[in-house]
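Data first, discussion second: the structure below is written as C-alpha cells.
The values are calculated or read from the model by the stated rules, or taken from the named source; none is laboratory data. Keep in mind it's a predicted model, so treat the numbers as computed, not measured. So basically every Cβ, Gly included, is an ideal-geometry build from the backbone, and we count neighbours across all protein chains shown.
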Amino acid sequence: MLDLADPATDRASGRYHRLIDTDPNEPFQVLPPPPELSLACRQRIAEAFALLERGDRELAAEIRGLLREIVLAVGPIRPGTMTFDGASSFMLWGAIVLNPRMHESALDVAQALAHESGHNLLFGLCADGSLLENDDEPRYASPLRQDLRPMDGIVHATFVTARMHRSLVRLRVSGVLSGDEDEQAGRLLADHVRNFAMGWKIVERDARLTERGRTIMADARRHMESRSGCLAAQDGGSSPG
C-alpha cells in the first residue's frame, strides 16, 4: 500500500496517473492524499480485510491474490471537476487506486475492494481474448458512472455490480455485520439490484459477447437471479450475444 506522490514531479506517480487517466473524453486528476486521510483510510482497509476474512474468506483470498498494490490518491475538489471512488486499468494489472475521501467505513472499503478487484479479475480473464466484439465508439448510459461509456465499460460495470452484491450477501449471511452495517448493506443491495438490471438491459440489447464473455456474464446473471429475482420480469431471461 502506498500514497501517491505528486505526479508532476514523481516518476512512479506520474506513471500511475498516465495509465489510469486513459479516456480523453473524461480526463481526471489524481493527487497526493492528505496524511490524515491516508492514515484513516489505511485503518479502514485493514478493518475491511478483517471483515472479509471473517465473513467471506474466499473473496478475501481472491482479492489478496489479484491485488499487489493499493495506491491512495484523491481527486480535485474544485466545482465541475471529475473525481472518483476508485480506479483500475488494464495497463496497471494488479494495482488499484482508492480515494480516501470517498470511503467512510470498513464496509465501504470492502465494497470498493470487491469492485476494483473485479475489474482486475476481468482484465486477467481477457488477457488473451476479449469479452466482446463491440467497437469502442458507441457510448451508453452506465449504471455506475455519470459519463457515457463504451460497451466494454458497461459490461465491466454490470459484472462488478453483481460481484459487490454477492459479497454483501455473503457478509450478511455470515452474521459478522453490526446492526448499522447490516442496515447499510440492505440499502446497498437494493442499489446493486437496480444498477445490475440497468446494466444487464443494455448488455442484453447491444453487447456482442464472445463465448468467454457470455460465460462470465451468465454467471453474474445467475447470481442476481438466484438472490434477488431482479431480472425475472425481463423478456424470457435470454442471455446476450
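Collect the residues in region 142-156 that are part of a helix (DSSP H, G or I) and over 14 Å from the mean Cα position of the chain (by Cα), keeping them in residue-number order.
Our first condition is that a residue be part of a helix (DSSP H, G or I); within region 142-156, this holds for 151-156.
Hit for region 142-156 is Met151, nothing else.
Give me the pairs, please: first residue somewhere in region 72-89 and assigned by TED's automatic domain parsing to the domain that holds Ile45 and of a type in the set (D, E, K, R), second residue anywhere and modelled with pLDDT of 75 or more and surrounded by 18 or more Cβ atoms within 10 Å (Cβ to Cβ), beta-carbon distance under 7 Å, and either six or more positions apart or on two chains.
Partner pairs satisfying both residue conditions: Asp85/Asn99; Asp85/Ala112.
Quick check: anything in region 157-177 in a strand (DSSP E or B) and either among the aliphatic types (A, V, I, L, M) or surrounded by fewer than 19 Cβ atoms within 10 Å (Cβ to Cβ) (or both)? It would help to see each step written out before you state the result.
Keep residues of region 157-177 that are in a strand (DSSP E or B), which gives none.
No.
So which residues in region 200-241 are closer than 19 Å to Ala141 by Cβ and either at pLDDT below 60 or of a type in the set (Asp, Glu) (or both), if there are any at all?
Glu204, Asp206, Cys230, Leu231, Gln234, Pro240
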